[in-house]
Amino acid sequence: MTAVGDATETGRERQQTFKLDADKHQTVMLTHELSMEGKGAAAKSVVQKHQRERRAMDVPPFERLGQLKRRRPGEGANMIHADVFDPNGDEHAIGLSSIIFGTMLIALAIPIQWFNEARSIKMETMLSRGLRECVSIDATEVDTENRGRLVHVHGRTRGSTPLVDAQFVDAQLRHGLKLQSTVEVFEWVQTTTPYMQGAGKRGQTRFQEEWTTIHHDSLRFRKPSPDNPRLLNGLMLGTSTMVCDRVELGGFVLPGEILSSFHRFLPAIRHLPAVVHAHGLSFFANEEHGYYYARPSASTANLMARPSAGMAGFSSASVTNVLTEHEVGDIRVRFMWVPEGEATVVAVQCDWDGTETFVPYRPVAQAPCLSDFQARQMQIDEGERPLKHFKAGKTCCSEGVGGCCCCPCNAIACCCTQEVVTEEIFYLSDKFDPVEKAFQKVVHRNPLRVWNFRFAGWCTMFLGTGMIVRPLTGFIEEVHALSFYGNASGLVLTGTITFTTAALIVTAAYMCYRPVMAVQWFGLTCLVAASPVFLGNALCWKPAGAAH
């Protein structure tokens, strides 16, 4: 170790002596050269600068042995020098990585902003354009020129076919739009109430009689328990609704999917016979309760025996007992209906197999060169598409995990599947409503969600642009238009690109639906892009004759 240390020290002394001699020789030559040209002051400055550069390249006095190595043969076997670190190569590699990752962030930020802004603009277009173009007409006056237009129609509904219940064939109604039946059974129901006993939790089981739409099998009860009789084969408990096959509104026929908006049900027992039958059972009406009752354990002959005047014309003691005193196993049914009446529709008028009907109103991208007929036909075609296909059209790649990984648009759309908004105008009311009522019922986007996506897109764009601009800061500071900002030139350029891109995305989204708004946003985009240059020039400007 002593021999190696001596060799290292000797090599360092020789290297420093050699560099000092070379430095002195080069300094004398430069001084002589510049003095011959008569530039004394300049010569002194150049000499001092050269000396500083040479001192910066000297070998440090204390170098680790592991950082020193001998030169190759022919370059002086006794000369020892330090490994030199070249920072330029690593700086270039870091700059390239920064640009690559910045580009990836920008590729993610643009779909975030596009999806968010386009979704909001579609909603805005549907409301503003729809309210402006809606035409109010009377249901009895059908005009084929309104096909493809959003219309506001009011009139009186009419059910063209009778309503028949699926289980109770005797339950038939005319002049109705819907018929609803709810079947229940009177049974024992098990309930468990938890309570604490000591350190453990236990449950207390109770049984009570009640009307229920679900059959409770007593074999699954905790024993000991009461027994429930078996349910009749084929009898379906619960609620079922029958809809009229053809519902007319003046000269129009209402589509089936819009009839779900009729939900003002009224008791139908006064419009039905006193006795209805299902699965071999006779159900007797009790108008006071609004239900039909049946007892499977008693035969119909016994119930109908000894008729006397009274309830529903079947007021024997047995029937009265069924209607008022209930036993386990009794069954009851209630009928509700939606009668004909007034109605208001706001939808797109169209023709379907020679019948005037309606389809939903949805925002459609329209080019300026389209004729009025083509635009109205596009509106009809868009409304005839199923709603699930309309929602699926918002993504641009295949569905599933692969689609989310391949396209950022799909990933963002998957994040918004729980967002409840109005996708279309397909309004039906069971009374006369003004046209504005249909647009007041629209469910708007949550402003908090909109701004969250907006800020996420801006931040991602700002971060990605900053990673690209950072390696180019030296060149940006030398640009005359940004020289006023000095070291903040890169930050100013990053912010300008971020907000200019955001405004440009909004411009592109408006271009398909509202061209006038697109022109306004394009002007704002130009103003945002040019504002740093104008501001810098204004602050740097000095009047003529001002002192420098």
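Each value in this text was obtained by applying a stated rule to the coordinates, not by laboratory testing. In this text, all values refer to a predicted model and were calculated from it rather than measured experimentally. Cβ: placed from backbone, ideal geometry, glycine included. Neighbour counts: every protein chain shown.
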Handout entry: Cα centroid of the range 207-243 to Cα centroid of the range 358-386, whole Å
Key = 51
Problem - Where GluC sites (Glu not before Pro) fall in DSSP loop in the range 430-537, at most 14 other Cβ within 10 Å - result: E478
Handout entry: Point-to-point label distance, V169-T191, nm (Cα→Cβ direction, 7 Å offset)
Key = 4.1
Completion exercise
Shape descriptors of the range 184-223 over alpha-carbon atoms, Rg and Dmax in angstrom, are 12.8, 41
Completion exercise
Taking 328-334, 270-276, 149-155 and ranking on average Cβ neighbours within 10 Å, highest first, one gets 149-155, 328-334, 270-276
Practice task
With an 8 Å cut-off on Cα pairs and a minimum separation of 6 or more residues, tell me the relative contact order of the range 433-495 in percent.
Solution key: 26
Practice task
Based on other C-beta atoms within 10 Å, arrange V492, V506 from fewest to most.
Solution key: V492, V506
Problem - Computed label-point distance, nm, for sites V516 and L472 using a 7 Å Cα→Cβ extension - result: 3.9
Practice task
Show the residues, 5+ positions off or on another chain, whose built amide H is closer than 5 Å to the amide H of G155.
Solution key: A343
Problem - Loop-located chymotrypsin sites (Phe, Trp or Tyr not before Pro) in the range 429-510 whose Cβ has at most 15 other Cβ within 10 Å (DSSP) - result: F432
Practice task
Would you please name the trypsin sites (Lys or Arg not before Pro) within the range 418-517 that are DSSP coil residues with at most 13 other C-beta atoms within 10 Å of their C-beta?
Solution key: K431, K441
Exercise for the section: Determine the gain in length on full extension of the stretch H279-Q440; use 0.36 nm per residue of separation and subtract their C-alpha separation, reporting nm with one decimal. Expected result: 53.2 nm
Completion exercise
Quick shape check on the range 156-342: root eigenvalues a ≥ b ≥ c of the Cα gyration tensor, a/c under 1.5 is rounded, otherwise prolate if a/b tops b/c, else oblate, and it reads oblate
Fill in the blank from the handout: Quick note on D245, D170, ordering by fewest other C-beta atoms within 10 Å, gives D245, D170
Handout entry: the range 156-342: relative contact order in percent, alpha carbon pairs under 8 Å with at least 6 residues between
Key = 30
Fill in the blank from the handout: At R0 = 41 Å the Cβ-Cβ FRET efficiency linking R132 and T239, nearest 0.05, sits at 0.50
Completion exercise
Length gained, T140-E325, 0.36 nm per residue minus C-alpha separation, equals 61.4 nm
Practice task
Classify the range 428-482 as rounded, prolate or oblate from the Cα gyration tensor: take a ≥ b ≥ c as the square roots of its eigenvalues, call it rounded if a/c is under 1.5, otherwise prolate when a/b beats b/c and oblate if not.
Solution key: prolate
Exercise for the section: Please list the non-local residues whose amide H lies under 5 Å from the amide H of D170, H modeled 1.01 Å from N, same-chain partners needing a gap of 5 or more. Expected result: H277
Problem - Footprinting exposure proxy for T498, T357 (fewest neighbouring C-beta atoms within 10 Å first) - result: T357, T498
Exercise for the section: Tell me the label-point distance for the pair T212, F373, using the 7 Å Cα-to-Cβ offset, in nm and rounded to one decimal. Expected result: 6.5
Handout entry: J(HN,Hα) series, the range 223-231, from Karplus relation 6.51 cos²θ - 1.76 cosθ + 1.60, nearest Hz, glycine and proline x
Key = 7, x, 8, x, 10, 9, x, 5, 7
